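Comments concern the structure below.
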Amino acid sequence: MPCCDVINRGAALFGNLVIFATLDAQLVALNQDTGKVAWKEKLEDYAAGYSASAAPIIAKGKLITGVSGGEFGVVGRIDARDPMTGKLLWTRPTVEGHMGYTFDAAGNKVENGISGTLNATWPGDLWKTGGAATWNGATYDPETNLIYAGTGNPAPWNSHNRPGDNLFSSSTVAIDADTGKIVWHFQNTPHDGWDYDGVNEFVSFDYKDPKTGKVVKAGGKADRNGFFFVNDRTNGKLLNVFPFVKQITWAKGYDLKTARPIYDDSNRPGDPAQSADGKKGSVVTSAPSFLGGKNQMQMAYSPQTGLFYVPSNEWAMDIWNEPVSYKKGAAYLGAGFTIKATHDDYIGALRAYDPATGKMVWENKNYAPLWGGVLTTAGGLVFYGTPEGFLKGVDAKTGKELWSFNVGTGIVAPPISWEQDGEQMIAVTTGWGGAVPLWGGDVAKRVNYLEQGGSVWVFKLHKQL
Ligand code: CA
């Protein structure tokens, strides 16, 4: 029973194989010429709330996968496998206290060190069902040989049940591709109480530090919690942080020196144990909503302009806590919520940011929430789709719309580009669905006219554009 619709975020290609994960937590490799199953492996037990939605990636010849199910108290992790056989090479849990393993040629488990320190940031046995699901997969940087995994919410949502930072939830975790060990981590939302899954992709880029003039090996992440983080991708040091949405209520700011948020304690949903009947804690209105300043849809970075193109959303939520205890396979939230728009005329906004200064260079607002990824090209263009069905091509420097085409159904996938017979092609998979219509409350009602559908569109990029 996955939390957030019947979805799949893509496949990896390796050798002659097409490799993808399934909602019942399996991995399947197909022969690319025949479609025949080359191998199939179970990731985890779906009856315990595990599912798999992330696109696998290939890192230094290894198949890298995550797991989904943070709303069911699963234990997040990143696995590395032999892509030709599906056999495990190493596994690295993303909840502090769990043992990592490598696997020998016979498939035997060999202990490879605990992630973090047992009970350092989790009281009692709560780490055993701690969440931090890696449901949006990972990115890989060959220069540092690090796999960067974003991790989801700590379980349950009710933060009063689990005092502490609850590592490595709502974080970026950098894992050595060879050893499967955590090299560094950066927690974007310590002690998350708003379901601000930090699964957002960590995008490698190099930039010139405005103060020292030195080129820095960095990574950018537009987090669901509304802040854009720039970290040194070799060691995780926080280099810059700035809001990329207009309203953030849970923190008054982010302290660059301590690399921690400055919490507004009055905006943490209340403890149900403190309420008169013990059943519902005080309700707070928080922004961003848990659907995030940005969610699963990937931003893009252009080395030409030095800008990140961030598909962002402006919305808020009423959120409260309820008592909850873990039961295998059942939802493990201890929270209720209603999502609301904060503006009449738009929710989505594609925004171009300079990561060195935090300055917004341009924005294109959109009535419906943006839920699809972004592509930028060496030709100085940015492409993105909208739930209203428009695939748009805009100028990377100014955001000026140069072209658009309505495909008739919503778009929640990233466009892609390739060269074929000397021509540049742009393609996008279309169809509306996912978390917004399921969990969007007032916002779901606002966009309930959108068409679902499901097709692949391919365009040729004419030279005059
Ligand atoms: Ca979550």
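The values are calculated or read from the model by the stated rules, or taken from the named source; none is laboratory data. Because the structure is a prediction, the values reported are computed rather than measured. Cβ: placed from backbone, ideal geometry, glycine included. Neighbour counts: every protein chain shown. Accessible surface areas use protein heavy atoms only, side chains included; no ligands, DNA or RNA. Shrake-Rupley method; radii C 1.70, N 1.55, O 1.52, S 1.80 Å.
Select from the range 244-253 the residues that are out of contact with any Pro (no Cβ under 9 Å at 6 or more places or on another chain) and crowded, with 18+ Cβ neighbours inside 10 Å and list them in ascending order.
Restricting attention to the range 244-253, the residues satisfying the condition of being out of contact with any Pro (no Cβ under 9 Å at 6 or more places or on another chain) are 244, 246.
Within the range 244-253, just 244 meets the criteria.
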Pick from the range 254-290, criterion among the aromatic types (Phe, Trp, Tyr) and more than 16 Å from the ligand (Cβ to nearest atom), ranking: least open to solvent (accessible area, probe 1.4 Å): 254
Residues (within 12 Å of the ligand (Cβ to nearest atom), of a type outside the set (Gly, Ala, Ser) and closer than 18 Å to residue 100 by Cβ) located in the range 116-137: 134
Qualifying residue in the range 433-452 (condition: part of a loop (DSSP other than H, G, I, E, B) and charged (D, E, K, R)): yes
Qualifying positions in the range 23-46 - β-branched (Val, Ile, Thr) and surrounded by fewer than 16 Cβ atoms within 10 Å (Cβ to Cβ): 34, 37
So residue 460, is it part of a helix (DSSP H, G or I) and open to solvent by 50 Å² or more (accessible area, probe 1.4 Å): no
Filtered residues of the range 199-216 (kept if assigned to a strand (DSSP E or B), crowded, with 16+ Cβ neighbours inside 10 Å and in contact with an Asp or Glu (Cβ under 8 Å, 6 or more places away or on another chain)): 204, 216
Hey, residue 7 aliphatic (A, V, I, L, M) and assigned to a strand (DSSP E or B) or not: no
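Would you check if residue 331 is open to solvent by 30 Å² or more (accessible area, probe 1.4 Å) and of a type in the set (A, V, I, L, M)? Steps first, answer last, please.
Details: open to solvent by 30 Å² or more (accessible area, probe 1.4 Å): yes; of a type in the set (A, V, I, L, M): yes.
Answer is yes for this residue.
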Any hit, the range 150-163, residues being more than 16 Å from the ligand (Cβ to nearest atom), surrounded by 20 or more Cβ atoms within 10 Å (Cβ to Cβ) and not in a loop (DSSP other than H, G, I, E, B): no
Residue match in the range 82-105 (condition: away from the ligand (no atom under 16 Å from the Cβ), surrounded by fewer than 19 Cβ atoms within 10 Å (Cβ to Cβ) and farther than 24 Å from residue 57 by Cα): no
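Would you tally the residues in the range 217-242 being among the aliphatic types (A, V, I, L, M) and open to solvent by less than 10 Å² (accessible area, probe 1.4 Å)? Give the steps one after another, and end with the answer.
The initial filter retains those residues of the range 217-242 that are among the aliphatic types (A, V, I, L, M), namely 218, 222, 230, 238-239, 241.
Going one step further and asking which of them are open to solvent by less than 10 Å² (accessible area, probe 1.4 Å), we end up with 218, 222, 230.
Within the range 217-242, residues that are among the aliphatic types (A, V, I, L, M) and open to solvent by less than 10 Å² (accessible area, probe 1.4 Å) number 3.
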Of the criteria (1) buried (at least 16 other Cβ atoms within 10 Å of the Cβ); (2) over 18 Å from residue 151 (Cα atoms); (3) within 17 Å of the chain's Cα centre (by Cα), which one residue 52 fails: (2)
Meets criteria (in contact with a helix residue (DSSP H, G or I) (Cβ under 9 Å, 6 or more places away or on another chain) and either open to solvent by less than 10 Å² (accessible area, probe 1.4 Å) or part of a strand (DSSP E or B) (or both)) for residue 133: yes
Test: residue in the range 173-189 that is more than 16 Å from the ligand (Cβ to nearest atom), farther than 18 Å from residue 221 by Cα and of a type in the set (S, T, N, Q): yes
Whichever residue in the range 314-328 is within 30 Å of residue 346 (Cβ to Cβ) and touching a residue at least 60 places away in the same chain (Cβ under 8 Å) and, among such residues, is surrounded by the fewest Cβ atoms within 10 Å (Cβ to Cβ): 316
Some residue of the range 104-112 being part of a loop (DSSP other than H, G, I, E, B) and closer than 22 Å to residue 232 by Cβ: no
Residue list for the range 320-360, filter: under 28 Å from residue 388 (Cα atoms) and part of a strand (DSSP E or B): 337, 338, 339, 340, 341, 348, 349, 350, 351, 352, 353, 360
So residue 236, is it assigned to a loop (DSSP other than H, G, I, E, B) and on the phi > 0 side of the Ramachandran plot: yes
